[in-house]
Amino acid sequence: MMPLRHLTPFTTLTPHLPSSTTSRRFSLSVMASATRKVLVPIANGTEPMEAVVTIDVLRRAGADVTVASVEKHLRVDACHGVKIVADAFISDCVDTVYDLVSLPGGMLGATNLRDNNTLRGIVEKQASEGRLYAAICASPAVVLGSWGLLKGLKATCYPSFMEQLSSSATAVESRVQIDGKAITSRGPGTTMEYSVTLVEQLFGKEKANEVSGPLLMRSKHEDQFIVTELNKVQWTCSSEPKILVPIAEGSEEMEAVMIIDVLRRAKAEVVVASVSDKLEIVASRKVKLEADMLLDEAAKLSYDLIVLPGGLGGARAFANSETIVNLLKKQRESDRYYGAICASPALVLEPHGLLKGKKATAFPAMCDKLSDQSEAENRVVVDGKLITSRGPGTSLEFSLAIVEKLLGHEKALEIAKAMLVV
């Protein structure tokens, strides 16, 4: 067995509070209404992780989440080429009372949200009537700050917007900040903590704990995370590796979007292929994603790496796809790289012989399906040219480990720091 490796930055980007000491000046009591209505507006240029993780986690808690486009079309072109299809237009949401409005970031996305007067009216009413409103990344400064909705409040945002934020709020460097009815956070790497905090504000601590357990979140935020590597080999590829990420009905949207987002930040050429008969798929928590092409078209190409997101329905669709299984077998026979996360190692790779002689991990409830469970407790396992991981909360580590193997430690570190993962 090879020694454990660390993705360790030379310096941390910002001082971080441990997740157990999330700053708060006011904790909202649980609301009387059983159903919580949440609005998540999206725009061209929205940071896809910040939108999708928030939607996914809130829906896991039982919130009724409406994803609303501020554009002229329901489909928005989020950052990194991720295409998200909204449930409604923002104009459809004016007369609904929401328990929470949560704004994702992304510089262009935040600007597009700020410039939408319909959304502005909704959020200003939300604040004036004493209901929860929240924002992450660029949006606390670019949107809420510019609308005057953080005046006299403590708030946080993406580090490069802190100076702008300081003109409209008391800027603090918390990973998640609560002040009155306003909740703010820093960026992609803090989105899961932010989302669980929103659950706690809406439903209470018990529900937040119930939701966060299966997410497999990192227990503390240090300057490193650990990848277990066995049978170490050098992964080689061009400076722009070609990577296939299939998606299907029931795929775990958080895992798919985090993988695509991180790999495209690394300048990989990522092909998102639908295993369905149409480009649009409905993921496990009902987020609608649009693929780049159908699988039959994607299957004509050659890839440095094929990587499968999880989700029970998605993994079953992959396992039942002769095209996917044949692509994976060809990948292994050609001595090229392949990987899977969550349910997919157990439901796709294992039954088709693609873990034979390999150490792997999977979602905890699926690990009993692995023939070799000796490394299954590890968050990310690399065995030769195979990489596997556990679930939503390990997706960033999994994706960054892929970047490190294909493009080197420095590139992985650069992305981890920019995303506030470390």
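Restricting attention to region 342-373, report how many residues are touching a residue at least 40 places away in the same chain (Cβ under 8 Å) and of a type in the set (Val, Ile, Thr).
1
Yes/no matrix, rows are residues, columns are (1) open to solvent by 10 Å² or more (accessible area, probe 1.4 Å); (2) assigned to a helix (DSSP H, G or I); (3) among the acidic types (Asp, Glu); (4) free of Cβ contacts under 8 Å to residues at least 40 places away in the same chain:
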residue: ARG218; (1), (2), (3), (4): yes, no, no, no
residue: GLU229; (1), (2), (3), (4): no, no, yes, no
residue: TRP235; (1), (2), (3), (4): no, no, no, no
residue: LEU244; (1), (2), (3), (4): no, no, no, no
residue: GLU255; (1), (2), (3), (4): no, yes, yes, no
residue: ARG264; (1), (2), (3), (4): yes, yes, no, no
residue: ASP277; (1), (2), (3), (4): yes, no, yes, yes
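For every residue, the table says whether it meets (1) open to solvent by 20 Å² or more (accessible area, probe 1.4 Å); (2) in contact with a Gly (Cβ under 8 Å, 6 or more places away or on another chain); (3) not hydrophobic (A, V, I, L, M, F, W, C).
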site: THR156; (1), (2), (3): no, no, yes
site: SER167; (1), (2), (3): yes, yes, yes
site: VAL176; (1), (2), (3): no, no, no
site: ALA182; (1), (2), (3): no, no, no
site: THR191; (1), (2), (3): no, no, yes
site: SER195; (1), (2), (3): no, no, yes
site: LEU198; (1), (2), (3): no, no, no
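Only residues that are in a strand (DSSP E or B) and surrounded by fewer than 18 Cβ atoms within 10 Å (Cβ to Cβ): list them for region 55-74, please. Before the answer, list the steps.
Within region 55-74, the subset in a strand (DSSP E or B) is 64-69.
Once the filter is applied, which keeps residues that are in a strand (DSSP E or B) and surrounded by fewer than 18 Cβ atoms within 10 Å (Cβ to Cβ), region 55-74 yields only ASP64.
Taking only region 102-132 into account, find how many residues are buried (at least 24 other Cβ atoms within 10 Å of the Cβ) and within 18 Å of ARG186 (Cα to Cα).
Adding up the residues that qualify gives 8.
Could you please give the count of residues in region 292-304 that are free of Cβ contacts under 8 Å to residues at least 60 places away in the same chain and either touching a Pro at 6+ places or on another chain (Cβ under 7 Å) or surrounded by 20 or more Cβ atoms within 10 Å (Cβ to Cβ) (or both)? First the steps, then the outcome.
Kept after step one, since they are free of Cβ contacts under 8 Å to residues at least 60 places away in the same chain, are these residues of region 292-304: 293-301.
With either touching a Pro at 6+ places or on another chain (Cβ under 7 Å) or surrounded by 20 or more Cβ atoms within 10 Å (Cβ to Cβ) (or both) added as a condition, the list becomes 295, 298.
Selection size over region 292-304: 2.
Quick check on my filter: what residues within region 148-203 are free of Cβ contacts under 8 Å to residues at least 12 places away in the same chain and among the small types (Gly, Ala, Ser)? Don't jump to the end; show me each part of the working.
Residues of region 148-203 free of Cβ contacts under 8 Å to residues at least 12 places away in the same chain: 160, 163, 166, 200.
Within region 148-203, SER160, SER166 meet the criteria.
Tell me which residues, restricted to region 391-422, are out of contact with any strand residue (DSSP E or B) (no Cβ under 7 Å at 6 or more places or on another chain) and among the charged types (D, E, K, R).
Matches in region 391-422: GLU404, GLU410, LYS411, GLU414, LYS417.
Yes or no, residue by residue, for (1) more than 23 Å from LEU202 (Cα to Cα); (2) hydrophobic (A, V, I, L, M, F, W, C):
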residue: ALA127; (1), (2): no, yes
residue: TYR133; (1), (2): no, no
residue: ILE136; (1), (2): no, yes
residue: VAL142; (1), (2): yes, yes
residue: SER146; (1), (2): yes, no
residue: LYS154; (1), (2): no, no
residue: CYS157; (1), (2): no, yes
residue: SER160; (1), (2): yes, no
residue: GLU163; (1), (2): yes, no
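Every residue, every condition in (1) aliphatic (A, V, I, L, M); (2) open to solvent by less than 10 Å² (accessible area, probe 1.4 Å), yes or no:
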position: ILE306; (1), (2): yes, yes
position: SER334; (1), (2): no, no
position: PRO345; (1), (2): no, yes
position: GLY353; (1), (2): no, no
position: ASP368; (1), (2): no, no
position: SER371; (1), (2): no, no
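State whether one or more residues within region 92-107 are assigned to a loop (DSSP other than H, G, I, E, B), over 30 Å from VAL382 (Cα atoms) and at pLDDT below 95. Reasoning before the result, please.
Of all residues in region 92-107, those assigned to a loop (DSSP other than H, G, I, E, B) come to 94-99, 104-106.
Filter again for over 30 Å from VAL382 (Cα atoms), leaving 94-99, 104-106.
Restricting the remaining residues to those that are at pLDDT below 95 gives none.
No, the conditions are met nowhere in region 92-107.
Only one residue in THR8, THR35, THR46, THR12 is assigned to a loop (DSSP other than H, G, I, E, B), open to solvent by 20 Å² or more (accessible area, probe 1.4 Å) and modelled with pLDDT of 50 or more. Which one? Before you say what the answer is, go through the steps one by one.
Numbers: THR8 fails: modelled with pLDDT of 50 or more; THR46 fails: open to solvent by 20 Å² or more (accessible area, probe 1.4 Å); THR12 fails: modelled with pLDDT of 50 or more.
Within the list THR8, THR35, THR46, THR12, the selection yields THR35.
Looking only at region 374-411, count how many residues are under 29 Å from ASP56 (Cα atoms), open to solvent by 10 Å² or more (accessible area, probe 1.4 Å) and free of Cβ contacts under 8 Å to residues at least 40 places away in the same chain.
1
The values are calculated or read from the model by the stated rules, or taken from the named source; none is laboratory data. Computed from a prediction, not measured in an experiment: that's the story for all the values here. Glycine also receives a Cβ, built like all others from the backbone with ideal geometry; neighbour counts cover every protein chain displayed. To get the accessible areas, we keep the full protein, side chains included, count just its heavy atoms, and leave off ligands, DNA and RNA. Shrake-Rupley method; radii C 1.70, N 1.55, O 1.52, S 1.80 Å.
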